[in-house]
Each structure stands twice: as C-alpha cells, then as structure tokens.
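J.: I'd like to ask some things about the structure below.
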Amino acid sequence: MINFSIILADDEQQILFGMKNGIDWESLGFSVVGTAQNGKEALELIEEYHPDLLISDIKMPFMDGLELSKIIHDNYINTKIILFSGWDDFEYARRGIKAGVFDYLLKPIQEEELNNALERATEQILKARGQKEKQSRFLYEIQKNKVALRDIYLNHILSQNQN
C-alpha cells in the first residue's frame, strides 16, 4: 500500500490526540509525520517534512489555518490541505478556497466525511505524482538525447543552406 505523509494541527490537545490516535491512519495509507498545536509549529513541520497532506483546525494561535494554508499553497504546491472548524461560516470556506484548501470539514468531523475527503485527496496526490513522474521522464529523455537532437538540427540547417 502506498504511504502518504500527513501532519495534523489543532490547538486543542485532546482533539489533536484523538485525531492522531483515534484514526487508523496506516490502514488508510497515511503516516503521521508530525502534530502541531499552532500554525507556526505546523509550518515548521511542513518545511521539514514536505508532507502530502495537512489536516488543520482553522482557529489556532500565532497563525490560523487560513494564513497557514495560503503560505503552503504559495510555497508547497504539492501539499493538499483539509481544514476543519467548529464554525459553520461560509466566509471561512470562501477564504479557504482562495488559500488553496482542498476540503473544509465541520466539527464534529464525521468518519465517513473524513474518509471521503481522504480518498479524494489521495486521488489528487497520486495524479500529481504521476504528472511529476511523467515530467521527470520527459526531461530525462530530453537530456539523454540532447546531443543527438542538436546534431539532427544542425544537419537540417546545413542541408538547407546547401540548397
């Protein structure tokens, strides 16, 4: 099974503990590489681990989930973000979309809703990895054949100049 890295962030210790230990992340294909109690700690972990996914509360001290999401979206484009909140406020969702948030869940988070969000995030992560892999192979082939392509091009130019 493919293993995706995940960071969990919430300022409420009990919720953070419950998220980390109450969900069988490994069976879902995830490995929790870190937990944070505020946005600043989460950003430090993201800079260190470059995770596939961040699940974070919106309201946290030092840096809220929306500000954190914007920084991640601008600098770590491959990290998917799922935000959650106890507030059913459309403004949060709207701002989350602008900040590149993948999904927005309301507390208390329902298991089925979380599983659906994780499934969709997994699909997008795999798709992005596939595109990155194709791009890497393409660049490798260009590098590998650069000399041959240059020779073909030069021969083409020389043959045109002789006519």
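J.: Amide H neighbours of Lys80 under 5 Å, at least 5 residues apart or on other chains, H built in the peptide plane: list them.
T.: Leu53, Leu54
J.: What does a probe at Asn3 reach in segment 20-52, counting residues whose amide N is under 15 Å from the point 7 Å along Cα→Cβ?
T.: 25-34, 51-52
J.: May I ask you to compute the full-extension gain from Ser159 to Ala128, defined as 0.36 nm times their residue separation minus their alpha-carbon distance, rounded to one decimal in nm? Don't jump to the answer; show the numbers that get you there.
T.: Details: separation 31, 0.36 × 31 = 11.16 nm, distance 4.27 nm.
Residue separation times 0.36 nm, minus the Cα-Cα distance, leaves 6.9 nm.
J.: If amide H atoms are built 1.01 Å from N in the plane of the peptide, which residues on other chains or at least 5 residues away come under 5 Å of the amide H of Phe4?
T.: Phe30, Ser31
J.: Could I ask something else about it? What accessible area per residue, rounded to a whole number of Å², is obtained for segment 1-101 using a probe radius of 1.4 Å? Provide the component values of the computation, followed by the final result.
T.: Values: 5280 Å² over 101 residues.
Per residue, segment 1-101 has an accessible area of 52 Å².
J.: With springs only between Cα atoms under 10 Å apart, run a GNM on the chain and tell me which of Leu139, Leu45, Leu114 wobbles the most.
T.: In the Gaussian network model the winner is Leu139.
J.: Given a Förster distance of 35 angstrom, what is the FRET efficiency for Leu139 paired with Glu44, based on the Cβ-Cβ distance and rounded to 0.05?
T.: Values: r = 31 Å, r/R0 = 0.89.
Given R0 = 35 Å and the Cβ-Cβ separation, E is 0.65.
J.: Another question, then. Run the accessible area of segment 17-157 with a 1.4 Å probe and give the carbon-and-sulfur part as a rounded percent.
T.: On the way: 4740 of 8940 Å².
About 53 percent, which is the carbon plus sulfur part of the accessible surface.
J.: Kindly provide the helix-only [θ] at 222 nm of the chain, computed as the sum of -39,500 (n - 2.57) over DSSP H runs of four or more divided by all residues, to the nearest 500 deg cm²/dmol? Numbers along the way, then the final one.
T.: Details: 5 runs with 93 residues, N = 163.
Helix contribution divided over all residues of the chain: -19500 deg cm²/dmol.
The values are calculated or read from the model by the stated rules, or taken from the named source; none is laboratory data. Model, not experiment: these values are computed from the prediction. Here the Cβ is made from the backbone with ideal geometry for all residues, glycine too, and neighbour counts use every protein chain on show. Ligands, DNA and RNA are excluded from the accessible area calculation, which covers all protein heavy atoms including side chains. Shrake-Rupley method; radii C 1.70, N 1.55, O 1.52, S 1.80 Å.
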